[in-house]
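The structure appears right after this line, and notes come after that.
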Amino acid sequence: MPTIALDPTPYIMLFIVLDPVGIIPYYQAIISKVPPSSRKEVLRRAVLAALAMLLGFALLGEYLFGILGVTLGDFQIAAGLILLIYAVSSIFEINLGATGQGTSVAIFPLATPLLAGPGSITTLIYIKYIYGLGTAIAATVINIALAYPILASSNLILRFLGRHGSLFIDKFMSLILAGFAVSIIREGIQALLGG
């Protein structure tokens, strides 16, 4: 049976990348175009689809890398670069995705790329490499379980924090993520150099 790490780092790392509080303004902009009677169902579908995507990558990502001959060092550098791009794009508000129409927004852009985007998928595979499958699955389930009530109560949170407060949290999380990204790149270079 896969073990689950007690170290909070992988859980916090994935929470930072998923960033359910930081995506509230974007979530609100997207969900406002959905009929009020369908909003709960759209959020439920989005969260379940994101969970399925992330678990799929946790289970198959390592197998795919094995077929492609990607080493841990290779992946750490690639993961770090992707996370760094993701963090910088968030800091400077560079849009990396597009928006869907009607209830289809549950899958795109809510499930992916807002929740299960390149950053969270990369982070999850990295967590699996470093902490094991059990921790990757636990981190996914815990963070998706946290994302659902946060997004479901986004109206209240946005009213409490205000748009500026929410964006401040997003920028702060992005800076932390950039730091994580650089440390992952450093670890990858050390692994490739044998040190």
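Each value in this text was obtained by applying a stated rule to the coordinates, not by laboratory testing. Quick caveat: nothing in here was measured; it's all calculated off a predicted structure. Here the Cβ positions follow ideal geometry from the backbone for every residue, glycine too, while neighbour counts run over all protein chains shown.
When the chain is treated as a Gaussian network with alpha carbon springs shorter than 10 Å, the biggest mean-square fluctuation among GLY61, GLY80, GLY119 belongs to GLY61. Value of Rg to Rh for the range 1-121, rounded to two decimals, is 1.00; Kirkwood radius and Rg both from alpha-carbon coordinates.
What full-extension length gain, to one decimal in nm, is calculated for LEU133 and SER104 as 0.36 nm per residue of separation minus the Cα-Cα distance?
Details: separation 29, 0.36 × 29 = 10.44 nm, distance 3.08 nm.
Between LEU133 and SER104, full extension yields 7.4 nm more.
Annotation for ILE67 and ILE169: the two label points, set 7 Å from Cα along the Cα-Cβ direction, are 3.9 nm apart.
Relative to 2.2 N^0.38 Å, what does the C-alpha radius of gyration of the range 48-195 come to as a ratio? Two decimals please. Can you show the working numbers first?
On the way: Rg = 16.3 Å, N = 148, 2.2 N^0.38 = 14.7 Å.
The range 48-195 yields a ratio of 1.11.
Cα extents for the range 11-60 along the principal axes, largest to smallest and rounded to whole angstrom: 35, 21, 12.
Just to be sure I understand: with springs between alpha-carbon atoms less than 10 Å apart, which residue in ALA145, ALA116, ALA49 has the highest mean-square fluctuation in the Gaussian network model of the chain? Of ALA145, ALA116, ALA49, the Gaussian network model singles out ALA145 as fluctuating most. Each residue, ILE142 and VAL182, gets one label point 7 Å from its Cα in the Cβ direction; the gap between the two is 2.7 nm.
What is the gain in length, in nm to one decimal, between ILE12 and ILE189 on full extension, counting 0.36 nm per residue of separation less the C-alpha to C-alpha distance?
Details: separation 177, 0.36 × 177 = 63.72 nm, distance 2.36 nm.
The span from ILE12 to ILE189 would gain 61.4 nm if fully extended.
Distances over 22 Å make up what percent of all Cα-Cα pairs in the range 113-195? Let's see the in-between values first.
On the way: 1376 of 3403 pairs.
Percentage above 22 Å: 40.
Available extension along the chain between GLU93 and ILE150 is 18.4 nm, counting 0.36 nm per residue and deducting the alpha carbon span.
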